[in-house]
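See below for the structure under consideration.
The values are calculated or read from the model by the stated rules, or taken from the named source; none is laboratory data. Computed from a prediction, not measured in an experiment: that's the story for all the values here. For neighbour counting, all protein chains shown are included, and Cβ atoms are generated from backbone atoms with ideal geometry for every residue, glycine included. SASA here: full protein model, heavy atoms, side chains in, ligands and nucleic acids out. Shrake-Rupley method; radii C 1.70, N 1.55, O 1.52, S 1.80 Å.
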Amino acid sequence: MEEDIVKRIGIIGVGEIGRAIVAGLCDGADRSPEVFLSPRGAGTVAELSERYESVRVCAGNQEVVDRSEVMIIAVRRPDRHEALSGLRVDADKVVVNVMAGVGNDDLRQILATDAPLVRAIPLPAVRERRSVTVTYPSHPVVDSLFEHLGGVLPVADEAAFNVFSALTGTLTTHYSYLATLTSWTIDHGIDFDDADRYVRGLFQGVGRSLSDETRSLHQLAADHETPNGNNERIRTTWFTPANAEALHKALDDLLADL
């Protein structure tokens, strides 16, 4: 770990994102921070504490707060009051709010603290230190933490933060799209394992091409098409302007809820 990375990190709510953050901090690291986990989800936290020497499971959420410099709150939105009400959070702590749809004003009211509160959108790829995390407001300690986990994108205000939060709502749609392609392939007599392997490989290649930031996304699409070719045909007959407009509307509706 770099010198400016915080040394003691607590996580309340160790689901998929909490697990990913722990892995990103600890896998292959010469010096991992001490990580303190809330006890809920006994199987998950026990597995993490056994895998990583620097990870500890605490007796309760207050102990997580007391032993940490930075506290990451990753509980589900409906569980926030039960998990957080009554916690004492001193002003010298830094609180990272990764709860979808929960603003910092809401969180400050629950915690009744003067500690800095930072919203963040870490994605599962932080486990491989390959995901850019959006933060608001910018905070040097938090931004340094997520820079280590793949990159950080501080934004100017909560409205911009919510736009990026809405974008994350498209992830499972992408997986379902790939699953539909696989199902179509199987319907045409291809073995499941062969169909699954090919679709995964096809889009892993697309993912690698995204690392070329010298070309816009529109340019990447154009570079993968030939006039009147197969890719152009599917794009123009399936992903029509009406289809694109429906996606815009779905995102607008989600943003309004956020």
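Among the helices (runs of 4 or more DSSP H) confined to the range 156-209, the ones with at least 1 residues that are over 30 Å from Pro137 (Cβ atoms) and free of Cβ contacts under 8 Å to residues at least 40 places away in the same chain are located at 171-187, 192-209.
Please verify whether the range 142-164 includes one or more residues that are within 20 Å of Leu251 (Cβ to Cβ), out of contact with any Pro (no Cβ under 9 Å at 6 or more places or on another chain) and among the polar types (S, T, N, Q). Yes: the range 142-164 contains one or more residues that are within 20 Å of Leu251 (Cβ to Cβ), out of contact with any Pro (no Cβ under 9 Å at 6 or more places or on another chain) and among the polar types (S, T, N, Q). Just to be sure, is Val102 surrounded by 22 or more Cβ atoms within 10 Å (Cβ to Cβ), part of a loop (DSSP other than H, G, I, E, B) and within 21 Å of the chain's Cα centre (by Cα)? When the stated conditions are applied, Val102 does not pass them. Taking helices (runs of 4 or more DSSP H) as the structural unit, those lying wholly within the range 38-89 and holding at least 1 residues that are touching a Pro at 6+ places or on another chain (Cβ under 9 Å) correspond to 42-51, 61-67. Restricting to the range 63-110, name every residue that is farther than 21 Å from Phe146 by Cα and β-branched (Val, Ile, Thr). Answer for the range 63-110, where residues must be farther than 21 Å from Phe146 by Cα and β-branched (Val, Ile, Thr): Val89, Ile110. The residue of the range 52-79 that is nearest to the chain's Cα centre (by Cα), among those that are open to solvent by 30 Å² or more (accessible area, probe 1.4 Å) and in contact (Cβ under 8 Å) with a residue 40 or more places away in the chain, is Arg76.
Among the residues of the range 115-132, those identified as within 16 Å of Glu69 (Cβ to Cβ) and assigned to a loop (DSSP other than H, G, I, E, B) are Ala115, Pro116. Note on the range 90-99: residues that are of a type outside the set (S, T, N, Q) and part of a strand (DSSP E or B) amount to 3.
Taking the range 210-248 only, how many residues are assigned to a helix (DSSP H, G or I) and farther than 19 Å from Tyr177 by Cβ? The total comes to 4. Which of (1) out of contact with any strand residue (DSSP E or B) (no Cβ under 9 Å at 6 or more places or on another chain); (2) at pLDDT 95 or above; (3) of a type in the set (Asp, Glu) does Asp143 not meet, given it meets every other one? Here Asp143 clears every test but (1). Filtering the range 105-114 to residues that are of a type in the set (D, E, K, R) and either part of a strand (DSSP E or B) or touching a strand residue (DSSP E or B) at 6+ places or on another chain (Cβ under 7 Å) (or both) leaves only Arg108. Tell me, which residue of the range 114-151 that is touching a residue at least 60 places away in the same chain (Cβ under 8 Å) and of a type in the set (Gly, Ala, Ser) is farthest from Lys93 (Cα to Cα)? Per the criteria, the residue is Ala125. Return a yes/no flag: does the range 19-32 have any residue that is surrounded by fewer than 17 Cβ atoms within 10 Å (Cβ to Cβ) and outside any loop (DSSP other than H, G, I, E, B). No, the range 19-32 has no match at all. Taken together, Glu16, Glu82, Glu47 contain a single residue that is within 17 Å of the chain's Cα centre (by Cα), acidic (Asp, Glu) and more than 19 Å from Asp143 (Cα to Cα), which is Glu16.
Of the residues examined, Asp143 is not one that is closer than 30 Å to Ala23 by Cβ, part of a helix (DSSP H, G or I) and open to solvent by 80 Å² or more (accessible area, probe 1.4 Å).
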